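Peer 1: Pasting a structure below so you can have a look.
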Amino acid sequence: MLSANQLHTDRFQYLATRASQAVGSKWAFSLAVLIIVLWSSSGPYFHYSDTWQLVVNTATTIVTFLMVFLIQNTQNRDARAIHLKLDEIIRSLARARNEMIHIESLSDAELEILSKRFETIRAESELRKRGRRERPTP
């Protein structure tokens with residue numbers, strides 16, 4: 001049996017997934033264009049009043065505000081799935097370093113140290129490649 005919190009989370013996840021699919025569709029874009037065309041063509045009827053402008057400004061502000069949270073939710077879910085997939089790949093490779101699993105939870109300073117370590121490895125690899133190319137072949 002799901003707890004009330006899990007049920008709420010599952011509902012939100014379902015709604016967020018469906019909403020992100022809907023607003024990312026060509027139909028949502030077409031609807032947005034149609035709304036803007038209708039709004040702009042109604043300008044002469046309303047004499048381009050402040051209220052006429054306020055309607056579209058308010059609507060776009062509300063939609064933008066809600067979309068920020070929807071996009072962030074989708075990004076968080078995608079990033080988590082990618083990290084889990086990468087963790088699985090790391091675990092499955094014999095030569096991979098398991099300490100790389102969950103590095104996304106490291107501090108910025110720890111990530112910078114790790115980044116410098118990999119930059120050193122990359123530079124050493126480049127030197128080895130150049131050394132092989134510069135050697136004359138017998």
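Peer 1: Given DSSP loops and a limit of at most 14 other Cβ atoms within 10 Å, what is the longest stretch of the chain that contains no such trypsin sites (Lys or Arg not before Pro)? Numbers along the way, then the final one.
Peer 2: Values: sites that count: Arg95, Arg97.
The longest such stretch corresponds to 1-94.
Peer 1: For the chain, give the percent of accessible area contributed by carbon and sulfur heavy atoms, probe 1.4 Å, rounded to a whole number.
Peer 2: On the way: 7650 of 12010 Å².
With neighbouring chains kept in place, the figure for the chain is 64 percent.
Peer 1: Another question, then. Just the accessible area for Thr9, please: 1.4 Å probe, Å², rounded to the nearest 10?
Peer 2: Estimated to the nearest 10 Å², Thr9 gives 70 Å².
Peer 1: Can you return the aspartates and glutamates within cross-link range of Lys129? Criterion is Cα-Cα under 17 Å, with same-chain partners fewer than 8 residues away left out.
Peer 2: By straight Cα distance, Lys129 reaches Glu119.
Peer 1: Under the definition of Cα pairs under 8 Å and six or more residues apart, what whole-number percent is the relative contact order of the stretch 6-138?
Peer 2: 18
Peer 1: Sort out the exposed loop chymotrypsin sites (Phe, Trp or Tyr not before Pro) in the chain (DSSP loop, at most 12 other Cβ within 10 Å) and tell me the longest stretch that has none.
Peer 2: On the way: sites that count: Tyr45, Tyr48.
After excluding every exposed loop site, the longest remaining stretch is 49-138.
Peer 1: Quick one: accessible area per residue over the stretch 1-57, 1.4 Å probe, rounded to a whole number of Å²?
Peer 2: So the stretch 1-57 comes to 86 Å² accessible per residue, rounded to a whole number.
Peer 1: Keeping every protein chain in place, order His47, His83 by accessible area at 1.4 Å, biggest value first, i.e. largest first.
Peer 2: His47, His83
Peer 1: With +1 on each Lys and Arg Cβ and -1 on each Asp and Glu Cβ, how big is the dipole of the stretch 59-138 about its Cα centre, in debye rounded to the nearest 20?
Peer 2: Details: 15 positive and 12 negative charges, 133 e Å.
The calculation lands at about 640 debye.
Peer 1: Here's a follow-up. With every protein chain kept in the model, how would you rank His102, His8 by accessible area, 1.4 Å probe, largest at the top?
Peer 2: Output order, biggest surface exposure first: His8, His102.
Peer 1: If you don't mind, there's one more thing I want to ask. When N is the residue count of the chain, what does its C-alpha Rg come to as a fraction of 2.2 N^0.38 Å?
Peer 2: Rounded to two decimals, the normalised Rg is 1.83.
The values are calculated or read from the model by the stated rules, or taken from the named source; none is laboratory data. Worth saying up front: this structure is predicted, and the values here are computed from it rather than measured. Because the Cβ atoms are built from the backbone with ideal geometry, glycine has one as well, and the counts that use them run over all protein chains shown. The protein model used for the area step is the full one, side chains on, heavy atoms only, and it has no ligands, DNA or RNA in it. Shrake-Rupley method; radii C 1.70, N 1.55, O 1.52, S 1.80 Å.
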